[in-house]
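Below: the structure, in structure tokens.
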Amino acid sequence: IEVDIGKKLGCQITDRQSLGILINGEHPFSVWIAQGQDRLDVSGLTGLEKLGFRLFEGVLRIARDTYLENKFHPIVEDFDFQLRLARHLQKRFEASSAYGSVRIVNSADIDVVKQKSPDKVLEITIKQWGLRPCIGSDYDSDEKVQAGARAKAKLIIQGNKRIEWLTDDILFLDGRCRKVEEFKEKEGHLKQALLRIVDNFAGRIANEVLFP
């Protein structure tokens, strides 16, 4: 599931261009849940009104749960979301043969990037990754969450610093909802969900850049 994928500003790819992939953001794994206490009173409202209130409530009452994050830490401590995303992006662009070379660059090497002068840099800033609440038709059922990631991205021409493509906010959701306990009891569920997010994220971004 993708939200607000981005704005196309005249992307053009010519033969043998080089591409640098820069992933910013050191945000750790996070868990966001829809708070279930003190819900709005929806008695006496029509079905449509209730749905509106529930969606509105969901937006207002999503909060970070650091207690759950600590519980999940042993499962995700070796999962480097930023590095995995960079590698998936690199593979996507290399497979397309659209660029002469594709390399991963980290923030500390930005001066090296300038010296080597890649033609373009795809810069992605990770705002959040982890578990997010599922809010929908089963809102009143037991708390369910899904893997998700939020980021912003832009494709920059290094020579004149012109931005060819950008998105201020992109949200990817796995769409496969489970109870929090299921993710905790079976670590495979969580890692598989995060890998799906990484793969879908990389695929969607690559498609937007390669086929504007």
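The values are calculated or read from the model by the stated rules, or taken from the named source; none is laboratory data. Model, not experiment: these values are computed from the prediction. So basically every Cβ, Gly included, is an ideal-geometry build from the backbone, and we count neighbours across all protein chains shown. In case anyone asks, the SASA skips ligands and DNA or RNA and just uses the protein heavy atoms, side chains included. Shrake-Rupley method; radii C 1.70, N 1.55, O 1.52, S 1.80 Å.
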Ignoring ligands and nucleic acids, what accessible area does CYS134 show with a 1.4 Å probe (Å², nearest 10)?
20 Å²
Quick one: order LYS127, LYS91, LYS191, LYS120 from most to least accessible surface, probe 1.4 Å.
LYS91, LYS127, LYS191, LYS120
Whenever you get a sec, line up ASP65, ASP168 from highest to lowest accessible area (probe 1.4 Å, protein heavy atoms).
ASP168, ASP65
Could you order GLU143, GLU185, GLU94, GLU123 by accessible surface area, starting with the largest, using a probe radius of 1.4 Å?
GLU185, GLU94, GLU143, GLU123
Determine the sum of side-chain charges near GLN192: Lys and Arg each +1, Asp and Glu each -1, restricted to other residues whose C-beta is under 10 angstrom from that of GLN192.
+2
Any residue on another chain or 5+ positions along whose placed amide H is under 5 Å from the amide H of GLN17 is listed here as GLY100
Note down the accessible area of THR167, probe 1.4 Å, to the nearest 10 Å².
0 Å²
Just subtract the alpha-carbon distance of ASN70 and ALA95 from 0.36 nm times their residue separation and send over the number in nm, one decimal.
5.2 nm
